[in-house]
Amino acid sequence: MSSTPEAAPYKSVIVTGASRGIGHATVKAFSERGWRVITCSRDAVPEACEVDPNWAGHITCDLSRPGDQDRFVAEALDMLGDEPLGALVNNAGVSPKTPYRERLGCLNGDIAAWKEVFELNLFAPLRLARGFAPALHRGRGAVVNITSIAGHAIHPFAGSAYSVSKAALSALTREMASEFGALGVRVNAIAPGEIVTDMLSPETEALIPRIPLERLGTPEEVANVIYFLCSDGAGYVSGAELFVTGAQHIF
């Protein structure tokens, strides 16, 4: 992949949920700008990563399991060695549905499933940020948490557990920004709207009339905003949550 004029001095980024959608687009956005990329997902190494000269390594693990969270941090730190970490992108997440893609709400959602959702969508970002805090401090780095428009208003398709976990991640972002600031680390969030990914419901097309830009977003459009928040251009931005929704969130 070719570098752009924005290419910065050598930096490393860790991206979770990197095998598809927003995560894969984020890997590409950083790599094209010369960043060294460490990836993580439940799947094996994405083929595109294997041919990327800036790909440093892929760790296959299930971040919904605390043991895998700890293993991921240890293995990623081993890859980094004494080098600083420029950015952590907490993108991995889950939005469970029934086999019939029925929305799981407060009355019909299994409580055990809620705990699994929170483990991946909330506790994994917290544990990873804590585990990588020293490396982020060395790099005067940035953390970006991927929240959702569903964390701010009732969504017709996103389940209650997912929505509540993303609202909690928004609050966690503010708490982290307050505490990590003393380490010289910025913490922000991105709240995507209706983005063309595997997580999208077939019924999403019906929401387009409610989107002022009158179209769905792309993973690349989200990835570019993530990159901005990790770049020097956002050096005084922390504790923010940016909506990438085509203005859908204003209604």
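None of the figures in this text is laboratory data; all of them are computed from the coordinates on show. Because the structure is a prediction, the values reported are computed rather than measured. As a convention, Cβ positions derive from the backbone with ideal geometry for all residues, glycine included, and neighbour counts pool all protein chains shown.
Descriptive notes on the structure:
- Taking other Cβ atoms within 10 Å as a rough exposure proxy, Lys166, Lys11 sort from fewest to most as Lys11, Lys166.
- Going from the residue with the fewest nearby Cβ atoms within 10 Å to the one with the most, Val117, Val73, Val244, Val237 rank Val237, Val73, Val244, Val117.
- Thr218 versus Ser178: modelled label distance in nm, points set 7 Å from Cα along the beta carbon direction: 3.9 nm
- Value of Rg/Rh across the chain [Cα atoms, Kirkwood radius]: 0.95
- A full extension of the chain between Asp232 and Ala171 corresponds to an added length of 19.5 nm, given 0.36 nm per residue minus the alpha carbon distance.
- Across segment 119-246, the mean sequence separation of Cα contacts (distance under 8 Å, 6 or more residues apart), normalised by length, yields a relative contact order of 29 percent.
- About the centre of its Cα atoms, the chain shows a dipole size close to 480 debye [charges on the beta carbon of Lys, Arg (+1) and Asp, Glu (-1) only; nearest 20 debye].
- Note, ³J(HN,Hα) from phi for segment 230-246, Karplus 6.51, -1.76, 1.60, rounded to Hz, x at Gly and Pro: 9, 8, 5, x, 10, x, 10, 9, 8, x, 9, 10, 9, 8, 10, 10, x
- In terms of other Cβ atoms within 10 Å, Met176, Met79 run from fewest to most in the order Met79, Met176.
- The relative contact order of segment 12-250, computed from alpha carbon pairs under 8 Å that lie at least 6 residues apart in sequence, is 20 percent.
- Counting every pair of alpha carbons in segment 150-251, the share spaced more than 16 Å apart comes to 62 percent.
- Förster radius 45 Å - calculated FRET efficiency between Cys106 and His137, Cβ distance, rounded to 0.05: 0.70
- Separation between Cα centres of segment 128-146 and segment 194-251, rounded to whole Å: 23 Å
- Near Gly184: Cβ cut-off under 11 Å, other residues only, Lys/Arg at +1 and Asp/Glu at -1. The net charge is +3.
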